[in-house]
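The values are calculated or read from the model by the stated rules, or taken from the named source; none is laboratory data. Everything numeric here is computed off the predicted structure, so don't read it as measured data. Glycine gets a Cβ as well: all are built from the backbone with ideal geometry, and neighbour counts include every protein chain shown. SASA here: full protein model, heavy atoms, side chains in, ligands and nucleic acids out. Shrake-Rupley method; radii C 1.70, N 1.55, O 1.52, S 1.80 Å.
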Amino acid sequence: MLTRDFLINADCKSAFGDIDESLLWSPEQRAASLAATLACRPDSGPVWIFGYGSLMWNPAMVYDDACTGTLEGWHRAFCLRLTAGRGTACQPGRMLALKQGGRTTGLAYRIPQEDTAQELTLLWKREMITGCYLPTWCRLTLDDGREIHALVFIMDPRHPQYEADTRPQVIAPLIARASGPLGTNAQYLFSLEAQLKKLGMADESLDTLVGRCGRVWCRESPATGRTRGATPRQHNSARAASEGQHFVCLQGPLGQLNQRADGNPVNQRQVGYPAAVGTGFAQFHGNILGGEDLQHLLNVVAFGRFLAV
């Protein structure tokens, strides 16, 4: 889990995984990039940061105001090849960025002016490890009616890890299988979906990607690539979840949640309980999910989508 303390103490050469030294930015490069960005600051007021990915549920920064808002002209895309953090060079995943066109909803954070230097230094350490983004000042419309300039991290298409092909059928298997020191790539995707639903933000392309990842999870272990050997009933349950049916179906020592997100009881004949779940969800998924992964999946369950296996 990426935390504020982690960012403060992290050695970027090793904390995020094995990063190609030719890609890794030095502290001096990050400082120069930050200085150049601040030199283009459109006004002298407090700095706002626009979060469209993990900053939405894990800002790990000091802020004194936050508001949902819309960024015009850019859309979410998993267009960054992920070889550290939640992926490796041997099993790369995909990380979220922004590509030109469309619109993006997210959360904007206002940094107190006295904390600007420290908070932006930490943010650069988080986002600019390899200089893959173009920090850009963009006009943002907040949902409370305010118009602000916010700092937005947009994908640099010149970066060696930029991937133009973001079709769901291409990237879903990569996301489903990748993992690294910060957790699994799928965990990131599910957390993003959960946060968007919590904030009432719709993203059909993300829903499609989650569904495809669910179908990959039905067939394979994201950690090993081996077939899970699930029963037909388990496959049917997983397929229903991956196709967007919102339900939870969980038994064992972690509790019993046999209720749909809308409050109606689950039709057991339609859903079907995975036979091994009764022995303990954590134990059954021990070779796939554990610790932080398990907690994140439970967070997804809390928002009404359970990817059964």
- Query: What are the residues whose amide H is under 5 Å from the amide H of residue 130, where those residues sit 5 or more places off or on another chain and H is modelled from the backbone?
  - Reply: 25
- Note on the structure: Long-range share for region 110-175, i.e. C-alpha pairs more than 18 Å apart as a percent of all pairs, stands at 58
- Message: Could you report region 68-187's accessible area per residue, 1.4 Å probe, as an integer in Å²?
- Response: 38
- Under the Karplus relation 6.51 cos²θ - 1.76 cosθ + 1.60, θ = phi - 60°, what is the ordered set of whole-Hz ³J(HN,Hα) values for region 40-52, x standing for Gly and Pro? 9, 4, x, 8, 9, x, x, 7, 9, 10, 9, x, 10
- Counting only protein chains, not ligands or nucleic acids, how are 79, 40 ordered by accessible area (probe 1.4 Å), most first? 40, 79
- Kindly sort 215, 158 by accessible area of their heavy atoms, largest first, with the probe set to 1.4 Å. 158, 215
- When Lys and Arg each count +1 and Asp and Glu each count -1, what net charge do the other residues less than 12 Å away from residue 149, Cβ to Cβ, add up to? +2
- Note on the structure: Where a ≥ b ≥ c are root eigenvalues of the Cα gyration tensor, a/c under 1.5 meaning rounded, otherwise prolate if a/b exceeds b/c and oblate otherwise, region 12-66 counts as oblate
- Item | By average C-beta atoms within 10 angstrom, highest first, the peptides 188-200, 87-99, 21-33, 61-73 | 87-99, 188-200, 61-73, 21-33
- Would you please put 135-141, 169-175 in order of how densely packed they are, using the mean number of other Cβ atoms within 10 angstrom per residue and starting with the highest? 169-175, 135-141
- Shape box of region 51-141 [Cα atoms, principal axes, largest first, Å]: 42, 31, 21
- Kindly sort 159, 149 by accessible area of their heavy atoms, largest first, with the probe set to 1.4 Å. 149, 159
- Roll a 1.4 Å probe over the protein chains and send me the accessible area per residue for region 5-51 in Å². 57
- Item | For region 196-209, 3J(HN,Hα) per residue [Karplus equation, 6.51 cos²θ - 1.76 cosθ + 1.60, θ = phi - 60°, Hz, x = Gly/Pro] | 5, 5, 4, 8, x, 9, 9, 8, 4, 5, 5, 4, 4, 5
- Message: Distance between the C-alpha centers of region 21-38 and region 154-169? Whole Å please.
- Response: 21
- Task: Give me the accessible area of residue 210, 1.4 Å probe, in Å² rounded to the nearest 10.
- Result: 0
